[in-house]
Structure formats: structure tokens, C-alpha cells
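Heads up: the structure comes next, in C-alpha cells.
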Amino acid sequence: MTAPRSAGLFAPDILADPYPTYADLRAQPGAFWQPHPNGAGGMWMLTRHADVEQALKDQRLTKDASRVRDVGDQTMPSHMLDRDPPDHTRMRNLVAHAFTPRVIEGQEAHIRDIARTLLGRVELGQPFEAMRNYAMPLPVIVIAELLGVPEDDRDSFRHWSSDFIDGSDFATATPDTAGKAQQGIMALGGYFTELVETRRAAPTDDLISHLVRAEEELGALEPGELVSNCLLLVIAGHETTVNLIGNGLLALLNHPEELARLRAQPTLLPGAIEEMLRYDPPVQRALFRAALEDIEIGGQRIGKGEQVSAVIGAANRDSSVFPDPNAFDITRSPNRHLSFGRGLHFCLGAPLAKLEARVAFEELLHVFPEMKLKSLTRRPSSMFRGLGELWLDGPPA
Ligand code: HEM
């Protein structure tokens, strides 16, 4: 089936491999107007590195939809990623206070234990599906444990989150997946509302208890903001890291010479992870931004109230910043990818994501002295880029 012209960048065949289309768009002056698939309005897609970087940092672009349009009654209060200063600063400081580098660094041994337990299920000579059995559960267990979600609740928690992700992307959702997304986010919201109250009554040493304490010590949050920021941590904290591990693994499998270099010199791993982030970024385009006034980016006039999409996946292949941008080079340096964003909203979880990925690859390469791709499926999305399944030939018997 051919997609309607209005599908533009969101046409299924383009989403399957958007990089050639990104190259065409970068070469054109100004920005590309992507109509909204439901016919109402659209957004300016920025694809060059300089323009994407500017959009991520430019405070004339708001993250708060209510400043440019009537958003009606919102079902959930907002979190830091859809607010501007001073509300953004207040919420980010509160979460950062509980989410310190020391908390993150202290996780390494535990993350390794989780990775080893998951890989303990690999059977010699048997194919191994690496997404559902490894890339997905690892970050879910890590963020669930950090937040203090009891083990018995993790399966529901993971299903609610993936229902939300699969059905909330307007470019790929169907009425069925959109309905499930709504149910998923409501269930997650209800779950965390209860968990926050439980921890308020009887604090433990988990992140939610720290957030409750920080909220009480550092100043009030609006009702619901604590829960909403927990949901952000859950969703931002694992759906992305899953895809860093999955997309990174696929890049290594498709570039055996780079995989061999990495095996020969394991100290190259941190640089290899930066290159995985650049080459096939988990977040292809940054979240909502709209102009508070008439502005110009990359020669494109953007009218007050118009929406802008910063296409990180396109910026990361801009040849004016990255020589030979389509090559996967684990020693690329410098590597100024935009995969964690830029500016005030720069990813708060970047150190955790990199730690999880480093441990995940160290353990996987150890268990699989040889690795070969058998088959894969993709998860349809215009925002996140990732795999549904990735089958490997098992380690030799
Ligand atoms: C490879 C994994 C990850 C990627 C690629 C990623 C990517 C991003 C990007 C692009 C943004 C900025 C979005 C924008 O400006 O529109 C962002 C923000 C954010 N990320 Fe991540 N992220 C990852 C992992 C994590 C983890 C593990 C956590 C936490 C546990 C996390 C928490 C956040 C938060 C809280 C924000 C909002 C920051 C703010 O608004 O000030 N992320 N992330």
C-alpha cells in the first residue's frame, strides 16, 4: 500500500529507514512542513545539525503547549519535559536532587548482577531473542528498583508503559493502540499515586521516598507533579535505553569489522556507545516545541504558535559536522551527537543510560564469543526508533 503524500516523513516505508530521506531534507533550504496525519495543522521539521541544536536551546520555543493553544482539561498534570522555566527549573532541581551521580554510580554492580541473571537463560546452540529477554527487561528492572516498584508489579508496569508508547505516537497509532495508550497511562498514574502515598506514610531508601523528602524540604509541588515526574522517569528512563541497547547491538552486527575491533580492544566501548547513540538514536525527534513569537531558524520563518520538530536522527548524520556520516565508526572523535538533546532539557538520565549500556554490552559480548543476526522486527514509531525482536544465533555448543 502506498502511503498518502501527506504522510511525508511518517510514511511507513520512510520510518523503516529514514536516513536517505533525512539526507534529501538537509540538502533543501529552510525546513520541511510535515502535515499532521489527522489533517489538523502540522510542524516544521528541522534536519540540519546547527538548526536542530538551535531549536533544542532556543527559549523562544516553548515546551508548554498551553502557552500557544487551548489544551482544554489535561488528564495528567505536566512534568518537567513539558514546562518552561521557572516551573521547569523547580521540578528539574527537585528530581536532580534525588537522582545524583553518586546514586547512579552506586548502581554498577547491581546492574551487572541483573544483566548476568538475564543472560543466565541463554542456552548454548539455541537462538536467543535479545530484545524481550535482555534489552527490554534490563532497564525496566533498573528504573523499577530505583523508584522502589515492588518486583511483583513490574510486569504490569512494563505493559502499561509499552502500551502507552506504542499508542501515543500520532504518526503510527491506530484507534485500538490509542485506546490502550490512554488506559496504560491512567493505570500507571493510578499506580504511582498510590505508591507515592505509601512512601509518604512510611519512607524507605528508594527514589520515590527521596523525592517525597525533597518535595517536603525544598518546597511544594503542585498536586500531581510528583507522580507526573515519576511517570516521566519510568517512560523516559527505559523505553529509550532499551533502544540504545537494541539499535547499538544491531549496528555492531551489521558492522562485523567494528565488532571485531571492540572485542580486540574493550576499552573502546564508551566511545562505541557514543557512536551507537549518534548512528541510530533511540529518540529520533525531540518532543513538542512551538514558537512564542515569529522567529527564523536555518533560513525558515516560523510563525508565532507554529510547531517545530527537532529531528535528532537527521542532525546526527549531517556531513558538515560528522565526516563520512553514514559510516559506523566506534572511534569517531569528536562526536557531537544530539541524542540526549541540548540546553535546559538535556537528558537527566544520560549517565544512567550510558552505564546501563556499557554493562549490558560488556556482559553480552562475554556470553556470546561469536554473534550473528538471525532476524528482526521493528516497533513502528516516528518518535522512538527501536526493534520489537532481534534474534541471535546462540553461542556455540
Ligand atoms: C539512551 C537512553 C536515553 C535517550 C536517548 C534519552 C533522550 C532524551 C532526550 C532527547 C531528551 C530531551 C528531549 C527534548 O528536549 O525534547 C531527554 C530528556 C529527559 N530524559 Fe532522557 N534519554 C535516555 C535515557 C534516560 C533515562 C535512563 C532517564 C531517567 C531515568 C531519562 C530521563 C530524562 C528526563 C527526566 C528528561 C527531561 C529533562 C528536562 O526536561 O529537563 N532519560 N532524554
Theoretical ellipticity at 222 nm over the chain - DSSP helices of four or more residues, -39500 (n - 2.57) apiece, nearest 500: -15000 deg cm²/dmol
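Report the extension gain between Ala96 and Arg261 in nm, rounded to one decimal, defined as 0.36 nm multiplied by the number of residues separating them, less their alpha carbon distance.
Numbers: separation 165, 0.36 × 165 = 59.40 nm, distance 3.65 nm.
Extending this stretch completely gives an extra 55.8 nm.
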Table column - 3J(HN,Hα) (Hz), the range 379-386, Karplus curve with 6.51, -1.76, 1.60, x for Gly and Pro: 8, x, 6, 9, 9, 9, 10, x
Ranked packing of 131-137, 370-376, 277-283, 246-252, most packed first, by mean Cβ within 10 Å: 277-283, 246-252, 131-137, 370-376
Under Karplus coefficients 6.51, -1.76 and 1.60, residue-wise ³J(HN,Hα) of the range 326-331 in Hz, glycine/proline x: 8, 7, 9, 10, 5, 10
Glu129 long-range amide H proximity, modeled H, under 5 Å: Leu392
Separation of alpha-carbon centers, the range 322-338 and the range 248-294, rounded to whole Å: 9
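Would you be so kind as to identify all helices of the chain, as entire DSSP H runs, whose Cα atoms reach 30 Å or more along the helix's own axis and whose mean Kyte-Doolittle hydropathy is at least 1.0?
Details: long enough: 175-201 (40 Å, -0.33); 225-254 (43 Å, 1.14).
Long hydrophobic helices here: 225-254.
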Förster-model FRET efficiency, 22 Å R0, Asn326 and Gln28, C-beta, rounded to 0.05: 0.75
Environment charge at Ala178 (Cβ cut-off 11 Å; Lys +1, Arg +1, Asp -1, Glu -1): -3
Placed amide H near Met43: partners under 5 Å, 5+ positions off or other chain: Gln34, His36
C-alpha center-to-center spacing [the range 220-239, the range 163-199] in angstrom: 13
Residues whose placed amide H lies under 5 Å from that of Arg289, excluding near-sequence neighbours: Val308
Cα centroid of the range 30-101 to Cα centroid of the range 119-146, whole Å: 33
Highest to lowest packing among 263-272, 380-389, 109-118, scored as the average C-beta count within 10 Å: 380-389, 109-118, 263-272
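Between Glu151 and Arg378, what's the calculated FRET efficiency when r is the beta-carbon distance and R0 is 35 Å? Round to 0.05.
Working: r = 30 Å, r/R0 = 0.86.
So the FRET efficiency works out to roughly 0.70.
Read-outs: derived from the displayed coordinates by stated rules, not from any lab. No experiment lies behind these values; they were computed from the predicted model shown. Here Cβ is always computed from backbone atoms with ideal geometry, including for glycine, and neighbour counts include all displayed protein chains.
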